[in-house]
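First comes the structure, then the notes that go with it.
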Amino acid sequence: MTSTPTAPTRTPSPVETGTGRSVGRPLDRVDGTAKTTGAARYAAEHPHPGLAHAALVHAAVTRGRITGIDAAGAEAVPGVLAVITHENAPAMKPPPPVSVLNLSSLASGSSVNYLNTDEVHWNGQPVAVVVAETPEAARHAAGLVRVSYRELPATVDFAAEEGNAVPQKSSALQSGGARKGDAEAALAAAPVSVDLRFTTPPYHHNAIEPHATTAVWDGDRLTVHEGTQNITWLRDHLALRFGVPVRNVRVVAPYVGGAFGGKTMVWAGTVLTVLAARVTGRPVRMALTREGVYRTVGGRTPSAQRVALGARADGTLTALIHTSVTQTGRTGGLPEQATSQSRHLYAAENILLRQNLVELDAVPNTPMRAPGESIGTFALESAVDELACALGLDPIELRMRNEPERNPVDGKRFAHRMLREAYALGAERFGWSGRTPEPGSMRDGGWLVGLGVASAYHPSWQMPANVTVRLSADGSVVVRCGFHEMGMGGATAQAQIAADALGVPFEAVRVEYGDSDLPSGPGAGGSAQTASVAASLLAACEKLKGSLLALARRSGGSPLRGRRPGDLEARDGGLWAGPAGPGETYAAILARAGRDSAEAAVGSDTRVGKVTGQLRFMSKLLRDRRRWVKAACGAHFCEVRVDPDTGEVRVSRWLGVFDVGRVVNAKMVASQLRGGIVMGIGMALSEETLVDPRNGRIMNPGLADYHVPVHADVPPIDVHCLDVPDPTMPLGLLGVGEVSVTGVAAAIANAVRHATGRRVRDLPVTPDKLL
Ligand code: MOS
């Protein structure tokens, strides 16, 4: 019998124990100065000799075929280089069909092969692109292109089509319906119940940096500057569409001026800029106008939802029903998991969840910060509040009485769940006990004051990431991974993590990211990027320390001779046997070995390496899913003031208490969480994409008519994180990008209900709905 060696015992590194010097500190972003001084170059700011500029022409009909294009007026504009239409555009390969076996295929925002077809699938679809010496000439000329159409019947009105919705398929990446017991019967039998309909409008992406692309061909090699959330998908997509090898395409995206899901897919502007560069033989830039973003980049789906809750007199939930109808475009789009959070938040005895979908002749919708849960929590958390009113129970108390021990729909364990603690701490800090429950009972001069709460919930997961770490004899460390920086501070966080893992100062670490020539990283989505990169980075640092130790052991005279990795601690720029034990610096190890540097890699970008990495990750994901439910969650506390004469709602105070696992950098995390709350305030009170029900044309495509919150709309926002690591996630991180937007609209609607007695179930809560 052979004995199995036992795993070496290992001293956890400072980054794991939280005793390191960098993780947890509220450090400034490493790219902060470059951004605030204007030194950071965004996609539309790359100068290129001979740069030309492009502008889109949008279809003015909803559905149909182009019967003629008169480009003469546009071509006569001085400086115009080309008017590219389906009549003269070179053929591109069509977008690949979406398949989970080919993750890059998910990048196709739409199946439309722009300018290789005379078909129009939505009002605003690009039908031509004009290239000129200046952006002004291109835009002016684009307005002179005359397009005639043969119109076809179209379906554009979500409200009218809601009844034709069909069941939404669930997928490996999305939660679908669920059924436990007989929820309808339990609802009918419940002594106290609510059965409510909620509607939410479409919302659009309004990142500070509108979508922009600079494309440069050099023979068959293509370089693209674009603020994308997924450089790998974009690179692969462009290689496929333009028929060149993947290695010939480089996507560079060191800075992304906000994205929130809107820059995950590949949209028309990108493809057509690359096409324009190919046709004209010039480097071409296209910066979309705000209107261009609305017409060509999807936003958040509208929704109609039913939430019905039945309870015993003590508040115990006997029935929870949540059904949704959302929309996709006929040529693509994201089916949203609007009932996702309803699988996890309440221990109802009977549960029925169902998601339905309608397809419209509209620009395909796309992820927008917490797709699914943003609108789903509005409905669920409003209904729970209404049930509390019906029961005469405090809404926090009602939640706590139904806080589940295990995942309600299937009995799985929660990897980690601190919602109870979030509410307890929040109630104390916010002064919840000062709330008098009667609607309209709190006033401040002429204002009606209302206080509301709602839960936040967002699933946590992880993606593959390839990382290399190099340590040089001068003590500097370079981390390389093609991840994305949309403003959240990704490079800063990874530098903190590497610094602690290797026991070097934060300042010694440089992180390279945002370039498809780097080892491929995860997309910035699903709030999963930081944890995903961290997992591989930690593994790479362990490998690196292992090889440095091996180097030390091979050479005579090292105090580390005979030491095993498990005995050692990384600190003070080297490896040491415990706090007082012998050891030496990395510099000394490298010097003795006659080496300039040492490097370690996790993952590989060879074809085999990619497939293996992907399979390993998918199997881990599925294994974890069978065992655990992982999520970030939180409790929102909101105070509003409502003017009873005008219906004006002002958010006057906010506290969010979150369980996001370990906090790598309190400053960046707070800023992410605040941003989500601001986005939620917009969703609740002012944002709404208005679609003409006759022709599907977006009527308010710009910031003049689509109202995002400005500073004057946003009160000081207090956020607090419980900062307890999740035991099942890399470094204990649950993700912070999306959780805080969830629940916000409900907290506001609940506060408005408390202030006025009015329950608004149709977002946004505009003054007309309160008068
Ligand atoms: Mo996000 S909606 O995963 O960028």
Worksheet entry | Residue list for the range 415-431, restricted to those being modelled with pLDDT of 95 or more and surrounded by fewer than 19 Cβ atoms within 10 Å (Cβ to Cβ) | ARG420, GLU421, ALA424, LEU425, GLU428, ARG429, GLY431
Worksheet item: Of the residues in the range 532-565, how many are at pLDDT 95 or above, more than 30 Å from ASN248 (Cα to Cα) and either of a type in the set (D, E, K, R) or within 16 Å of the ligand (Cβ to nearest atom) (or both)?
Response: 3
Worksheet entry | Residues located in the range 238-267, provided they are assigned to a loop (DSSP other than H, G, I, E, B) and surrounded by fewer than 22 Cβ atoms within 10 Å (Cβ to Cβ) | GLY243, VAL244, PRO245, PRO254, TYR255, GLY257, GLY258
Worksheet item: Has the range 27-47 got any residue that is at pLDDT below 95, within 23 Å of PHE242 (Cα to Cα) and surrounded by fewer than 21 Cβ atoms within 10 Å (Cβ to Cβ)?
Response: yes
Practice prompt. Mind listing just one residue for me: the one in the range 467-513 that is in contact with a Pro (Cβ under 7 Å, 6 or more places away or on another chain) and closer than 23 Å to GLY609 by Cβ and, of those, nearest to the ligand (Cβ to nearest atom)?
Written response: PHE483
Worksheet item: Of the conditions (1) surrounded by fewer than 22 Cβ atoms within 10 Å (Cβ to Cβ); (2) under 30 Å from GLU75 (Cα atoms); (3) of a type in the set (Val, Ile, Thr), THR214 fails just one. Which one is it?
Response: (1)
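I want to confirm something. Restricting to the range 514-523 and keeping residues that are more than 13 Å from the ligand (Cβ to nearest atom) and not hydroxyl-bearing (Ser, Thr, Tyr), which single residue is surrounded by the most Cβ atoms within 10 Å (Cβ to Cβ)?
Filtering first and then ranking leaves GLY521.
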Worksheet entry | Of the criteria (1) crowded, with 24+ Cβ neighbours inside 10 Å; (2) among the hydroxyl-bearing types (Ser, Thr, Tyr); (3) out of contact with any strand residue (DSSP E or B) (no Cβ under 6 Å at 6 or more places or on another chain), which one SER460 fails | (3)
Worksheet, complete the sentence: Scanning the range 302-347 residue by residue, those assigned to a loop (DSSP other than H, G, I, E, B), farther than 25 Å from PHE414 by Cβ and touching a helix residue (DSSP H, G or I) at 6+ places or on another chain (Cβ under 9 Å) turn out to be PRO302, ALA313
Worksheet entry | From GLU403, GLU381, residue being surrounded by fewer than 24 Cβ atoms within 10 Å (Cβ to Cβ) and away from the ligand (no atom under 16 Å from the Cβ) | GLU403
Worksheet item: When the range 220-261 is examined, which residues are found to be on the phi > 0 side of the Ramachandran plot and touching a Gly at 6+ places or on another chain (Cβ under 8 Å)?
Response: GLY258, GLY261
Worksheet item: Using beta carbons and a limit of 8 Å, which pairs, at least six apart or on different chains, have the first residue in the range 251-274 and touching a residue at least 60 places away in the same chain (Cβ under 8 Å) and the second one basic (Lys, Arg) and within 16 Å of the ligand (Cβ to nearest atom)?
Response: VAL256/LYS263; PHE260/ARG369; GLY261/ARG369
Discussion item. So in the range 387-400, with the set limited to residues that are over 18 Å from ILE748 (Cα atoms) and in a loop (DSSP other than H, G, I, E, B), which one is farthest from the ligand (Cβ to nearest atom)?
Written reply: GLY392
Practice prompt. Considering only residues that are surrounded by fewer than 22 Cβ atoms within 10 Å (Cβ to Cβ) and assigned to a strand (DSSP E or B), look in the range 192-211 and name the one that is nearest to the ligand (Cβ to nearest atom).
Written response: THR199
Worksheet entry | Wholly enclosed strands (runs of 3 or more DSSP E) of the range 403-519 bearing at least 3 residues more than 30 Å from GLY573 (Cα to Cα) and touching a helix residue (DSSP H, G or I) at 6+ places or on another chain (Cβ under 8 Å) | 447-459
Item to complete: Determine if the range 379-386 includes at least one residue that is in contact (Cβ under 8 Å) with a residue 40 or more places away in the chain, out of contact with any helix residue (DSSP H, G or I) (no Cβ under 7 Å at 6 or more places or on another chain) and in a loop (DSSP other than H, G, I, E, B).
Response: no
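Which of the following residues is outside any loop (DSSP other than H, G, I, E, B), in contact with a Phe, Trp or Tyr (Cβ under 8 Å, 6 or more places away or on another chain) and charged (D, E, K, R): ASP768, ASP718?
ASP718
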Item to complete: Take the range 86-135 and flag every residue that is within 18 Å of LYS263 (Cβ to Cβ) and not in a loop (DSSP other than H, G, I, E, B).
Response: LEU103, SER104, SER105, LEU106, ALA107, SER108, PRO126
Worksheet, complete the sentence: Per the filter on the range 291-337, residues modelled with pLDDT of 95 or more and charged (D, E, K, R) are GLU291, ARG295, ARG300, ARG306, ARG312, ASP314, ARG330
Discussion item. What's the number of the only condition in (1) in contact with an Asp or Glu (Cβ under 7 Å, 6 or more places away or on another chain); (2) within 16 Å of the ligand (Cβ to nearest atom) that GLY526 fails to meet?
Written reply: (1)
Item to complete: Evaluate the range 302-320: report whether one residue or more is surrounded by fewer than 24 Cβ atoms within 10 Å (Cβ to Cβ) and within 16 Å of the ligand (Cβ to nearest atom).
Response: no
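Given the residues THR328, THR323, which is the only one that is free of Cβ contacts under 8 Å to residues at least 60 places away in the same chain and more than 19 Å from the chain's Cα centre (by Cα)?
Selected residue: THR323, the only one of THR328, THR323 that is free of Cβ contacts under 8 Å to residues at least 60 places away in the same chain and more than 19 Å from the chain's Cα centre (by Cα).
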Practice prompt. Considering only residues that are within 16 Å of the ligand (Cβ to nearest atom) and outside any helix (DSSP H, G or I), look in the range 268-299 and name the one that is surrounded by the most Cβ atoms within 10 Å (Cβ to Cβ).
Written response: GLY298
Fill in: Total residues in the range 330-343, condition away from the ligand (no atom under 16 Å from the Cβ) and buried (at least 24 other Cβ atoms within 10 Å of the Cβ)
3
Worksheet entry | Evaluation of LEU393 against (1) of a type outside the set (Gly, Ala, Ser); (2) closer than 17 Å to ALA632 by Cα; (3) touching a residue at least 40 places away in the same chain (Cβ under 8 Å) (one fails), failing number | (2)
Worksheet item: Pick from ALA76, ALA54: which is over 30 Å from MET486 (Cα atoms), of a type outside the set (Ser, Thr, Tyr) and either out of contact with any Asp or Glu (no Cβ under 7 Å at 6 or more places or on another chain) or without any contact (Cβ under 8 Å) to a residue 60 or more places away in the chain (or both)?
Response: ALA76
Discussion item. Restricting to the range 722-762, and then to whatever is of a type in the set (Gly, Ala, Ser) and in a loop (DSSP other than H, G, I, E, B), can you tell me which residue is nearest to ALA670 (Cα to Cα)?
Written reply: GLY737
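Looking at TYR586, is it in contact (Cβ under 8 Å) with a residue 12 or more places away in the chain, surrounded by 24 or more Cβ atoms within 10 Å (Cβ to Cβ) and of a type in the set (Phe, Trp, Tyr)?
Answer is yes for this residue.
The values are calculated or read from the model by the stated rules, or taken from the named source; none is laboratory data. Computed from a predicted model, the values in this text were never measured in an experiment. Cβ coordinates were reconstructed from backbone atoms using ideal geometry, including for glycine residues, and neighbour counts include every protein chain displayed.
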